[in-house]
Structure formats: C-alpha cells, structure tokens
Amino acid sequence: MGQINESEPENSVEVNWENYLKAYYAKPGSAKTWSGFDVKEIYTPDDREGKDYDKEIGNAGKYPFTRGIHGNMFRGRYWTRREVIGIGSPADTHERMKLLTDHGGSGLNTIADITYEMGLDADHPWAMSEVGLTGVNISHIKDMETLTEGIPLDKVSWSLITASTVASVTMAQYVAVAQNRGYDIEELRGSVQNDPIHFRYCGFRPACPLDLSIRLGCDVMEYCTRNMPKWYYTTVNLYDLREQGITAPQEVAFGFGIAMIYIDELVRRGLSIDEFGPRFTFYVSCHIDLFEEVAKIRAARRLWARLMKEKYGAKDPRSMQFRFAVHTAGCSLVPQQPLNNIVRISYEALAAVLAGVQSLHCCSYDEPICLPTEKGHLQALRTQQILAYETGVCNVADPLGGSYYVEELTDKIEQEAIKIMKQVEDVGGMKEAIRAEWLDREFEKEALKRQKEIEEGERLVVGVNIFTSGPETQTPLGVQRIPSESARTQIEETQELKRTRDKKRLKDRIKQLREDAEEGRNVLPAMIEATKAFATTGELMGTVRMAMGYPYDPMNILECPF
Amino acid sequence: MAEQKKIKVVISKVGLDGHDRGAKVVSSLLKEAGMEVVYLGMYQMPEDIIRAAIDEDADVIGISYLSGEHLVFTPKIVGEMKKHGLDDVLFIAGGVIPPEDIPALKEMGVSEIFVAGSLTEPLVEYISSHVRKR
Amino acid sequence: MFLPRESIEQTVQKILAGDRRTAGRLITRLEDGDEWGKEVMKSLFPRTGRAMTLGLTGAGGSGKSSLLNHLIQRFRKMGKSVGVIAVDPSSPFSGGAFLGDRIRIQHHTKDDGVYIRSMASRGYLGGLARATTEVLRLMEAMGFDVVMVETLGAGQDEIDVIRLVQTCLLVITPGMGDEIQALKAGIMEIGDIFVLNKSDLDGATQALRSIEAILSLKAFKEGEWKPKVISTVATSGEGINDLVEGIMAHQDYLHNSDAMERAAFQRVEQELGLIFRDELERVIFKGLRGTGKKRRYIRSIIEGKSDPYTIVEEILGTFLKRE
C-alpha cells in the first residue's frame, strides 16, 4: 500500500468547542414517533399485561396474521428483490431491466411514465415533450413486444406499474403479446398496480374520474380473477397516499377505505370474496421511523385479516392475508448531501424486511434529483442483497414480535387507524370523502404541517435543518439523462403504425369495445382483441371514455378518429 | 390611504406533471409570509402561465418541476416572458432539479432555483430583496 | 419600474386598445390606492356603466367557482366577452392571501374574450376588496360585455357586492338549513337569484322549502322582482340553462322598470361613500404627516388628557378653517 498523502486542507478548521459539548450532551428532541405517538422511555411486560397472544397476535401464518402471512416467512423464500424500472423508450427500459436482472434482481418491475398514465400516445401534442422522462410509455402492441422481448413470460414474475385507468390497457397489451407468443395466460405470474381511485392524488384527475376508475379498475380485477389465477390484479397503493405527507395510521385507514370501494364493487358484480380475496395485494411505504413502520405493517395485517373475516365473511385464510410490496419512502429523501439517502433507504428497507414484506423496491439515492442512474439503481439492489445475504435478519419470522414496545405500538396504530376509518364513515364514506374533496383537505393539512415541523426544527432532517453544508454542485454518481432520440423514435414509430395498420379490422374491433363499454360488459376481452389489431393506448382509452360520457381525450385536444 | 405594497406571486405546474404537494405547501407558506399567491394548478402550458401572470400583474412566477421536465419547459416559459416584455418579473423554479442543471437554467433566464427540501425563509428573503419596486 | 413616465393619456389609449399588460398594471395601482390610478380612472369613467354586472356570493365549498366556470362558458357562447373579479380573504395575521378561485376557471385563460383577476380583500370588510369597485369600472371601460364579481362568504355583513352589481346570485347548498333560518329577514336583501347548488344531495328539498318559506313572508308589490330559486348541480352542468335564463330574466326586469335606475343609484352612492371616506382620510393624514401631531394626539388620548371625539373635532375644525 502506497503512502496516502493527506493534502493540507485549504482553510484550517477552527473547532467551536461549545458546539462539541453540545453534540456530546445532545439527546433526542422529541419523545414521539414520526406520526406523533408519545412513547415511554421503556416498555415492560406490564404494558402487555392481559394480552392474549393467540387471539391478538398469533404465530406467523395464522389468523390474524399479525406476525406474517407465511409460517416460515423468508426461510421459505426471500422477498422479491424488485426494483422499479422505467426509463425512456421500451427499448431503453428493456436494457435497464436486463442489467438489474443480470445483477441479481429477482423480479421484473416496469413503471409507466406520466404520458402513459394519462392515457396518451407518444405522438399526442401533450406527450411529445415529456414521453419517457419518468417511466415508459407503451403506446401500442409493438412497444409491449419490445419491452418483453426475449423474456420467458411464463417463468418470470412481472409487476406492471400502471396505476391509472390505463392499467386496463396495460393488461390488454401484456395479454395480447403473451397470447400472440403462444403462452397460456393461466400460467402468467405477476401483478398490475391497477389502483385508479388513489391515482387522482398524484395528478391524473382527467384520466381517473371516480366512476371510470371503479369501472375499469374492477374490469381488470374481474377479468384476472376469472382468467389468470396466478396474477395479482391490484396493488392498492398506500405508498402514494403516504407521500402526500400523512401519518402511518392515516396511510392504513385511507388505503383500506379505497380497497373497500373495489371490494364492494366486485361483490356487487357477483364475485364471492374468496374468489378474488387471495389475489388482493397492497403497495406500502416504509418511512424513516423504523419501529413505527414495522408496527404499522403488523397492525395493517391484523386489521385487514379482521376486516376480511368479520366485515366480508371471508372463509379462505388466503383472503385474509395482507399481501404487500414495499416502496421505500421517496418523500423521506432530500437532495442535500444526497449520499445520505443510501443510509435512509437502508433503514427503510430494513424496516420492510423486519415487517415481513413480500416484494421490495428500494429507492435509488438520486430519487430527489433525477431518474435512477445505472449505478444508483444497482446500489439500491445491493442494499436489498446485503440485507438478504449478510445481516441474518431473514432467518426468523417477525423478529421484532414480542418486543413490548413494538406490540404496544402495533396496538396503538391499529386503534388510531380504526378511529380514522370511523371519521371517514362520518363524512359519508370513502367515496363521499373523495368526491367532496375531504381527503384533499386532509392531505393539504398534513403536508403543510410536515413542512412547518421542519421549518420550526420540530422535525430534524440531516442536511436540511441540522448539519447542513453548502449547496450541492455535483451529483455523486452522475445525472441520468433521457436521450431525445428515444422519444423521437417512439413518436415516429407510433405515427407509422397508425398509418400502416389495417383500418377496417381496427374499426370493427373498436366498435366491439365501444359496445361492450356502453353495455356494461367487461371491456378487457375487447381491449385485447383491439390491441392485436394495433389499436393504440389513446384509442382504447378514448373509446371507453366516450362510452362512459367523458371526452375522448383527457386533455381535450384530440377528436375521436373513428 | 396608501396600501401596503403586496408581492403578487403566480405559482404553477407545467405540462403533465401531477406532483402538486410542494407547490401547494409553498403557496401556503408564501401567504403566511404576507404575499398574495395565485395558484394555477396543473396542466398549464407556458402561454397560459404568462397570460395569467400578465392579467394578475404578477411580480413573481414560481414553477414547480417534479418530473424531469425543467429543461424542456424553461426555455418556452422564458420565451413567452420575453415575448410579452415581462423582463422585470422574477422567474423562480423549484422541485427535482440536479445541481448540474442550475447554471444552464440560470443562463436560460431563471432568476433563482430552490430545489426540493429547501426551507422557506431563503425563498422569502430572495423574493423580498429582488422583487421589482413600485 | 412601473410605467414611470407614461402619461395618463397614453395609458388610457392603451387600455381602450385592449392592452392587457397595461390594464393589469393599472389594477395593481388601483389596489395600492395610487393617486395616478385615480387620475386614469377619471379619464376612463365616461366609458363605464355599460356592462351587465353579476355578483356571485356564497359560503366556501358551495361551488361558486364551478358555477362561475359554467356561466363564463355560456356567456362566451352567446358571443359576450367576460371580465371576472375573484375575491378571496387576506389573512388577518400575515396580510397575505391564497387566491385559489382562478384554478377552476384557468382554462379560459386561452380565450382573449375573458379577463380574470384575483383580488385579496386586504382586510376590507364587506366581502369585497376596497378596489373592487374601481376594477369593475375598469373592466367595463375595457369593453367587457359581462363582468362577474365572485366574493367570499354570505354572512349578513359581507354584502357590499349587492349594491355594486345589477344581478346578485346567492349560492347555497343543502344542509345549510340552519344558516338560512338565521338569515331570515336579511336574506331578502341578499339575492336577486338564489342558487341551490349540489341539489343532488340529501336535504335539497328541505333547503328549497326553507327559502321559499322565507320568500313567502314578504309581500311583493305589483311588478316587483320576486327572487327566483334555481337548483343546479355545478359538477354535471344540470340547471345551468335555468340559471342563465333566470339571470337574463332579472336583467330584462331591470331594463323594463325603474329598478335599473335604482341599482345604478345604489352603486354610485356606495362608490361615492367609499371614495369620500378614502379621500378624507388621505387628505387629513397627509396634512398631519411629518408633523408628529398624530402621535401627540394618540398619546394624549392614552394619557387621559383628551378623548377621540374631541381630537377629531379639533382636527376637522383646523382643516375646515384652513380650506
């Protein structure tokens, strides 16, 4: 080893010894959890006096599943290391997917960009300047073919992240490609996010009016329940709700409220709870307060089990299992001193694993700066792998179970969540809370509160209001750029497809879709057939929209071409 | 009866970006700092934003970018501002912007950038000291 | 720098030629209570008083902005240009304001035939901003066929808008039954048209009955306008046709009776009062500025050496003698 020459620092640092003493004697400023629960200095068996283990907690794999949905948890199989990928064109995304899979990623996970979520083709006037910047746009079957090129769809588990009403189109495009390639769709494994109701809180209201959301969301759920037994047809998204700035119990309460809207609709359509229950999944956040997040998830598991059994009369234990994926909290990350984010993400991933997650996405450290760079993306994957292979935390199911603190916190969060769900009932139910924009007000209130807590120093964030340094000038692992070539090519290909396809065949298929939509039939079969006839995303969505009384184009520019 | 001179701020999102949590919070905080904030919401095109800024006689235009669209839309916004002679209006950008892009944005004509995570006081301070006088 | 050397004449010409930027800046000067702004208004005044003026008032959450949106669309379809003044409350603590009405009508921004301006109340009571009166005049002078003023609240002390505009719409929603009862007699004065929005909700019938019951308490003279009650669902557009018809009916009534004359009278009376109060205050305090007298007066009141009434008499006495 050569000698390391420590270069002389430019300015010799003067130590403020007062600050040193302050640091030495420093202690936590707040005795509360992130969500505001007061916590004691220590929890003892007295705090758990009188609690019935079997009834209230139970072993992992046993109702009410507080400790996990499988008896052996990770001993049976690690959670899926599923990094979200969506960048540029379908070809670009395909490249990145291969890279991460090569490096040990165990699940495929592609995310729609904002143009696709809005239901716009790449050549839509509003889409052209933004396509590919935040994910991938799948305008037609050829894009889906490129995305899935060379991938054995019956072997992999593919998570398609389209949350909006366009999830119906995504499903149609995936099935169309699978069928064209000769796959038996009953063998396909994976999931589609398909939670259009919540997506209005991420923008996208033009694409996700409430009734259209319920209609299309449930069409997907119903179709998959009947035709794709290995497919998870929804991942009710609590994560995006949490990103609005709300607390842990609110995340659970509001998320469950939305889940119940779908369940009620499916039951109304004549499906029995146990027919679709086992494939109902969730997308959950893991924020920076480790114990609170673990307790939140345990509370969610118990609450969901009880809800499904007592409210909906589920009999199959698999319907009562709270099956979930975690996305570490994007809103906990900051662009100041960005490498700190790797640490935050690690703690959040740890929480997810300690909580018994089924599938995990770790943010890339550059989340608040740009789309993930290759290096950033890999780092996120490695974070998961270190957790899985080095730390040993996976050897025991629910290792924090039995902690007097964690059990106490689990109870508290469950109680608070129930209280909030009652509040929503008082407002008139979840649909009314959404329609009357009560939920919007709650989000705005909480977001403002969170910001003020930081401004006033009540909530400390390293690099933001403590231990700050000068403004960043360089992003450590570079900045991910989307080549403008990607968008241009995709736009041109879309226009070319529209010019050269068999218009008569297309028109017939669109007509069928329109009729199915108007007559209240499930639109998925017609969407699949139309996709095979080269109908584009905008055309499929526009047709259904018109049938439901909405303008063809969510941005009100294009007219229906049929 | 001489009224106190209020600072008028137009805050908007551009294009399809639907992340509005930050824009709404900043609007509230600027109100609490004594400014009059017109919030335009989402799905605005540069022409619409500038037109609103003209009709409302804004001192400041604040744009929140959270989907990587800052390099796409900034030239268009600055272009519209120039076209309508809004040379004395501050253009402040915020959100998810890599530090590498800040010099380029300023070159294009952005007055100042406050990335996500920035505290409000420096923003208020900047606006108060740089806003045009009347 | 704001229009530093531009003459009043140039400004007037620009505004009459449709220069929005100049108009926007003038409105700011009017809001500031600027001397120069007043001089411009003097020149523009002969061109005012020609538009159809509407007021839209009602509690927060009643759907005013959605209704406003529909009305703008309808008037535009009728070929009428529309000016909109949307008033929101200023925070009594910070003096700032969140002007969020524009968001629901912002898509009209593309339309040259629509001008939207948000105004903060700046502590002025009455539901309007102090300068709303002037801005309304300005929009008339700019040639807008219709000018709508959307105000905050519907409490009995927030009704300056009624004397300001020709046709005033009071927006209520089901479930406000108690508030309606409390207004009782006062409600007569508030609206020419009562709009029951969100009429698809529970309690709509009761709310309708409450208003009709109150209306029946008053005896209407022959030919007098009896306020219409119109049900709407702003989110779907239901009832908007009836609403527009109702507005036009009231406008007809105004034109075909002496009510228009009375409305104009009330408007100018209110305007005069406002401007007079402002001017008086300005002139008096201008005279006192820099002399330290104001502080001395206030101190003497605090020290019990005098009282506000005596001080004002003294000031006025000096002032009137001087003039």
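The values are calculated or read from the model by the stated rules, or taken from the named source; none is laboratory data. None of the values given here were measured: they were computed from a predicted structure. Here Cβ is always computed from backbone atoms with ideal geometry, including for glycine, and neighbour counts include all displayed protein chains.
With respect to the conditions (1) within 11 Å of chain B (Cβ to nearest Cβ); (2) on the phi < 0 side of the Ramachandran plot, C:G33 lacks only one, and its number is (2).
Just the residues that are closer than 19 Å to C:V268 by Cα, modelled with pLDDT under 95 and crowded, with 23+ Cβ neighbours inside 10 Å, please, taken from region C:143-159.
From region C:143-159, those closer than 19 Å to C:V268 by Cα are C:146-149, C:158-159; that's our starting set.
This time we only want the ones that are modelled with pLDDT under 95, so: C:158-159.
Correct list: C:I159 only.
With the condition kept exactly as written, say whether any residue in region C:119-142 is touching a Ser or Thr at 6+ places or on another chain (Cβ under 6 Å), within 17 Å of B:Y39 (Cα to Cα) and without any contact (Cβ under 8 Å) to a residue 40 or more places away in the chain. Yes, because at least one residue in region C:119-142 is touching a Ser or Thr at 6+ places or on another chain (Cβ under 6 Å), within 17 Å of B:Y39 (Cα to Cα) and without any contact (Cβ under 8 Å) to a residue 40 or more places away in the chain.
Cβ separations smaller than 6 Å between residues 6+ apart or across chains give the following pairs from region A:79-102 residues that are under 13 Å from A:T146 (Cα atoms) to residues that are part of a helix (DSSP H, G or I) and not hydroxyl-bearing (S, T, Y): A:S89/A:Q490; A:P90/A:D143; A:P90/A:L147; A:H94/A:L147. Checked against the criterion of being over 25 Å from the mean Cα position of the chain (by Cα), within 27 Å of A:Y201 (Cβ to Cβ) and not polar (S, T, N, Q), region A:462-476 has at least one qualifying residue.
Annotation for region B:106-119: no member residue is away from chain A (no Cβ under 13 Å) and closer than 28 Å to A:N556 by Cβ. A search for C-beta distances below 8 Å between a residue of region C:271-287 that is more than 10 Å from chain B (Cβ to nearest Cβ) and any residue that is not in a helix (DSSP H, G or I), counting only pairs 6+ apart in sequence or on different chains, returns C:L274/C:R130.
For region C:238-262, a residue qualifies if it is in contact with a helix residue (DSSP H, G or I) (Cβ under 9 Å, 6 or more places away or on another chain) and closer than 16 Å to C:I172 by Cα, and the qualifying residues are C:I240, C:L243.
The listed residues are A:I185, A:I138, and the only one of them that is in contact with a Phe, Trp or Tyr (Cβ under 9 Å, 6 or more places away or on another chain), surrounded by fewer than 21 Cβ atoms within 10 Å (Cβ to Cβ), of a type in the set (V, I, T) and within 19 Å of A:L108 (Cα to Cα) turns out to be A:I185.
When the residues of region B:1-20 are filtered to those that are within 11 Å of chain A (Cβ to nearest Cβ) and charged (D, E, K, R), the one that is nearest to B:K76 (Cα to Cα) is B:K13.
For region A:228-240, the criterion of a residue being crowded, with 24+ Cβ neighbours inside 10 Å, touching a residue at least 40 places away in the same chain (Cβ under 8 Å) and in a helix (DSSP H, G or I) is satisfied by at least one position. Of the residues in region B:79-112, how many are under 27 Å from A:E456 (Cβ atoms), aliphatic (A, V, I, L, M) and surrounded by fewer than 21 Cβ atoms within 10 Å (Cβ to Cβ)? Selection size over region B:79-112: 1.
Listed here are the residues, each with its yes/no results for (1) in a helix (DSSP H, G or I); (2) buried (at least 24 other Cβ atoms within 10 Å of the Cβ); (3) hydroxyl-bearing (S, T, Y).
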{"site": "A:F276", "(1), (2), (3)": "yes, no, no"}
{"site": "A:E293", "(1), (2), (3)": "yes, yes, no"}
{"site": "A:M308", "(1), (2), (3)": "yes, yes, no"}
{"site": "A:R318", "(1), (2), (3)": "yes, no, no"}
{"site": "A:S346", "(1), (2), (3)": "yes, no, yes"}
{"site": "A:C363", "(1), (2), (3)": "no, yes, no"}
{"site": "A:P372", "(1), (2), (3)": "no, yes, no"}
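Applying the condition of being free of Cβ contacts under 8 Å to residues at least 40 places away in the same chain and assigned to a loop (DSSP other than H, G, I, E, B) to region A:241-274 and asking which residue is surrounded by the fewest Cβ atoms within 10 Å (Cβ to Cβ) yields A:G270. Residues of region B:78-105 that are within 12 Å of another protein chain (Cβ to nearest Cβ), over 23 Å from A:G478 (Cα atoms) and among the charged types (D, E, K, R): B:K83, B:D87, B:D88. Within region B:35-51, residues that are more than 7 Å from chain C (Cβ to nearest Cβ) reach partners that are acidic (D, E) with beta carbons closer than 8 Å, at six or more positions or on different chains, in the pairs B:M42/B:D17; B:M42/B:D20; B:P46/B:E80; B:E47/B:E80; B:I49/B:E80; B:I50/B:E80.
Just to be sure, is B:A23 over 22 Å from A:G203 (Cα atoms), more than 7 Å from every other protein chain (Cβ to nearest Cβ), part of a helix (DSSP H, G or I) and small (G, A, S)? Against the criterion (over 22 Å from A:G203 (Cα atoms), more than 7 Å from every other protein chain (Cβ to nearest Cβ), part of a helix (DSSP H, G or I) and small (G, A, S)), B:A23 does not qualify.
Just wondering, is there one or more residues in region A:502-511 that are assigned to a loop (DSSP other than H, G, I, E, B) and either at pLDDT 90 or above or more than 14 Å from chain B (Cβ to nearest Cβ) (or both)? Give the derivation first.
Start the filter on region A:502-511 by keeping residues that are assigned to a loop (DSSP other than H, G, I, E, B), which leaves A:502.
Among the residues that remain, those that are also either at pLDDT 90 or above or more than 14 Å from chain B (Cβ to nearest Cβ) (or both) are: A:502.
Scanning region A:502-511, I find at least one residue that is assigned to a loop (DSSP other than H, G, I, E, B) and either at pLDDT 90 or above or more than 14 Å from chain B (Cβ to nearest Cβ) (or both), so the answer is yes.
In region C:56-65, the condition of being under 21 Å from C:C168 (Cβ atoms) and within 14 Å of chain B (Cβ to nearest Cβ) is met by at least one residue.
When only residues in region A:458-485 that are within 23 Å of B:L105 (Cα to Cα) and of a type in the set (S, T, Y) count, which is farthest from the other protein chains (Cβ to nearest Cβ)? Only one residue fits best here, namely A:S469.
Scanning region C:189-196 turns up one or more residues that are modelled with pLDDT of 80 or more, within 17 Å of the chain's Cα centre (by Cα), assigned by TED's automatic domain parsing to the domain that holds C:L67 and not charged (D, E, K, R). Residue pairs whose Cβ atoms lie under 9 Å apart, sitting 6 or more positions apart in sequence or on different chains, and linking a residue in region C:227-242 that is in contact (Cβ under 8 Å) with a residue 24 or more places away in the chain to a partner that is surrounded by fewer than 18 Cβ atoms within 10 Å (Cβ to Cβ) and assigned to a strand (DSSP E or B), are C:S231/C:E238; C:T232/C:E238.
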